[in-house]
Amino acid sequence: MNMSSSGEPTRDDLRRLLDRLQPRIVRLFQRHGVSTADAERRVTETLTRLSYRWDRVRDRERWLLDALRQDLMARRETKEPRDE
């Protein structure tokens, strides 16, 4: 794993991260029925958040996958009707 040791990721750092995780990310979004455009937007937003935390995140792969899962769960909960 040859990633930048500076506080910010390079484009290559982010590309390598996505290349390694792409199959898992695709399966995650397919399971949740997320469109390609929405998936791209969500990944971009999550990568931006990760970029700001880059030097503080030890396991970036896990962080990215967990953040995407949490985003999907949070958005699903807001779409479900509430019983009151």
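For the structure I just gave you, tell me whether LEU18 is modelled with pLDDT of 95 or more, of a type in the set (A, V, I, L, M) and open to solvent by less than 60 Å² (accessible area, probe 1.4 Å).
Details: modelled with pLDDT of 95 or more: yes; of a type in the set (A, V, I, L, M): yes; open to solvent by less than 60 Å² (accessible area, probe 1.4 Å): yes.
Considered against the rule, which asks whether it is modelled with pLDDT of 95 or more, of a type in the set (A, V, I, L, M) and open to solvent by less than 60 Å² (accessible area, probe 1.4 Å), LEU18 comes out as yes.
Out of the residues in segment 25-41 that are touching a helix residue (DSSP H, G or I) at 6+ places or on another chain (Cβ under 9 Å) and not in a helix (DSSP H, G or I), which is least open to solvent (accessible area, probe 1.4 Å)?
Of everything passing the filter in segment 25-41, VAL34 is least open to solvent (accessible area, probe 1.4 Å).
Output the residues belonging to segment 3-56 that are over 11 Å from LEU68 (Cα atoms) and acidic (Asp, Glu).
Matches in segment 3-56: GLU8, ASP12, ASP13, ASP19, ASP38, GLU40, ASP55.
For segment 44-63, name all the residues that are loosely packed, with under 11 Cβ neighbours inside 10 Å and not in a helix (DSSP H, G or I).
ARG58, ASP59
The values are calculated or read from the model by the stated rules, or taken from the named source; none is laboratory data. Treat the numbers as computed from the prediction; the structure is a model and nothing was measured. All Cβ positions, even for glycine, are placed from backbone atoms using ideal geometry, and neighbour counts span all protein chains on display. Accessible surface areas use protein heavy atoms only, side chains included; no ligands, DNA or RNA. Shrake-Rupley method; radii C 1.70, N 1.55, O 1.52, S 1.80 Å.
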